[in-house]
Amino acid sequence: MKVFKKIFDFYIEGSIHVALSCFALVHITQHYFNISKDFHLAYFAFFSTIVGYNFVKYEALARAQKAQMTNKLKAVAVLTFLSLLAVGFYFFQLQSITQIISIAFLILTLLYTLPFFPNIKNARNWAGVKIYIVALCWVGVTVVLPVLNAEISITSDFYLKCIQRFILIFVLILIFEIIDLAKDDPHLQTVPQQIGVKRTKKLGFLLLALFFGLNFFSFIIDVNFEYSSFIIAIVTALFLAFANEERSKYYTSFWAESLPILWWIILVLL
């Protein structure tokens, strides 16, 4: 059991699970816009997520030299390096416009992580900003890049799906913020810190209703997509309803982050 737990923790802490969620959302976008399976873009998103998330999580520790290089951290470092090589390979398989936009999101990630300017903290520590930057990056990678790389026309449905995806990621982050309420620095001014847990949940429920309701404004009629998005809205609402500060870290790092994967599986089965 200890070996299994170590493997499972590495799967979570090495950002493989969250990368699989990103991979799933890319495929959901490709399904909706009827994009032929573009595995180059999907794998680029998968490995980029591993690199990006591990950089965000461990860069500060490495820079401050506060973390000893345990076997787990060494394994994460190796995984991140190999993923970076994969990112480089798949980057050159993408369309030029996709490469340019992906670099823009890379800059946003670096801005989020590194303090570029003297006496100014990185964007991750800007009060009330973190949730919007993270959600925007996810929209960029899982909606904007697949559509641009497929060179399909930008229509109102594209903007609707960007808003819909932003809402879903925003609500998922709300679950994280509720769980981490006791640990987060008060200066971060997360949504639960600003309006309280009850109001945060109410806000999340309203956003999920909007998330599903946006389907009715789409010109592309996809019953399976609408049905699956309704199921995922309900399941996400349940996760939000039962979120509290006493929940295990796996409640968010595994179960909540599994929701995009669940959405993809439902869509495939339908």
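The values are calculated or read from the model by the stated rules, or taken from the named source; none is laboratory data. If you're wondering where the values come from, they're calculated on a predicted model, not measured in any experiment. Heads up, the Cβs are rebuilt from the backbone with ideal geometry, glycines too, and the neighbour counts pull from every protein chain shown. SASA here: full protein model, heavy atoms, side chains in, ligands and nucleic acids out. Shrake-Rupley method; radii C 1.70, N 1.55, O 1.52, S 1.80 Å.
Overview of values
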{"quantity": "Candidates ILE195, ILE234, ILE220 - the one that is at pLDDT 95 or above and in contact with a helix residue (DSSP H, G or I) (Cβ under 9 Å, 6 or more places away or on another chain)", "calculated": "ILE234"}
{"quantity": "Every pair of residues 6+ apart whose Cβ atoms lie under 7 Å, when the first sits in region 232-261 and is touching a residue at least 40 places away in the same chain (Cβ under 8 Å) while the second is among the basic types (Lys, Arg)", "calculated": "LEU240/LYS201; ALA241/LYS201"}
{"quantity": "Residue in region 156-179 that is assigned to a loop (DSSP other than H, G, I, E, B) and either at pLDDT below 90 or more than 22 Å from TYR251 (Cα to Cα) (or both) present", "calculated": "no"}
{"quantity": "Selected residue [modelled with pLDDT under 90, part of a helix (DSSP H, G or I) and closer than 30 Å to SER153 by Cα] from LEU108, LEU41, LEU61, LEU73", "calculated": "LEU108"}
{"quantity": "So LEU208, is it surrounded by 13 or more Cβ atoms within 10 Å (Cβ to Cβ) and assigned to a helix (DSSP H, G or I)", "calculated": "yes"}
{"quantity": "Residue selected from region 1-16 under the condition surrounded by 10 or more Cβ atoms within 10 Å (Cβ to Cβ), in a helix (DSSP H, G or I) and not β-branched (Val, Ile, Thr), by the criterion modelled with the lowest pLDDT", "calculated": "LYS6"}
{"quantity": "For LEU203: the one exception among (1) out of contact with any helix residue (DSSP H, G or I) (no Cβ under 6 Å at 6 or more places or on another chain); (2) open to solvent by less than 30 Å² (accessible area, probe 1.4 Å)", "calculated": "(2)"}
{"quantity": "Unmet criterion (only one of (1) at pLDDT below 95; (2) within 25 Å of LEU269 (Cβ to Cβ); (3) open to solvent by 30 Å² or more (accessible area, probe 1.4 Å); (4) not polar (S, T, N, Q)) for GLU245", "calculated": "(2)"}
{"quantity": "Failed item, numbered, when THR252 is tested on (1) of a type outside the set (A, V, I, L, M); (2) within 20 Å of the chain's Cα centre (by Cα); (3) open to solvent by 80 Å² or more (accessible area, probe 1.4 Å)", "calculated": "(3)"}
{"quantity": "Scan of region 145-156 for residues that are in contact (Cβ under 8 Å) with a residue 12 or more places away in the chain and more than 13 Å from GLN30 (Cα to Cα), ordered by number", "calculated": "THR155, SER156"}
{"quantity": "Residue, farthest from THR252 (Cα to Cα), within region 17-61, restricted to residues that are open to solvent by less than 10 Å² (accessible area, probe 1.4 Å) and polar (S, T, N, Q)", "calculated": "GLN30"}
{"quantity": "Any chance PHE166 is out of contact with any Ser or Thr (no Cβ under 6 Å at 6 or more places or on another chain), within 30 Å of GLN99 (Cβ to Cβ) and surrounded by 18 or more Cβ atoms within 10 Å (Cβ to Cβ)", "calculated": "yes"}
{"quantity": "Yes/no for SER253 being within 20 Å of PHE23 (Cα to Cα) and at pLDDT below 90", "calculated": "yes"}
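Condition check ((1) under 16 Å from VAL141 (Cβ atoms); (2) touching a strand residue (DSSP E or B) at 6+ places or on another chain (Cβ under 9 Å); (3) touching a residue at least 24 places away in the same chain (Cβ under 8 Å)) across all residues:
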| site | (1), (2), (3) |
| --- | --- |
| MET1 | no, no, no |
| GLY14 | no, no, yes |
| SER21 | yes, no, yes |
| ALA24 | yes, no, yes |
| ILE28 | yes, no, yes |
| HIS40 | yes, no, yes |
| ALA45 | yes, no, yes |
| PHE55 | yes, no, yes |
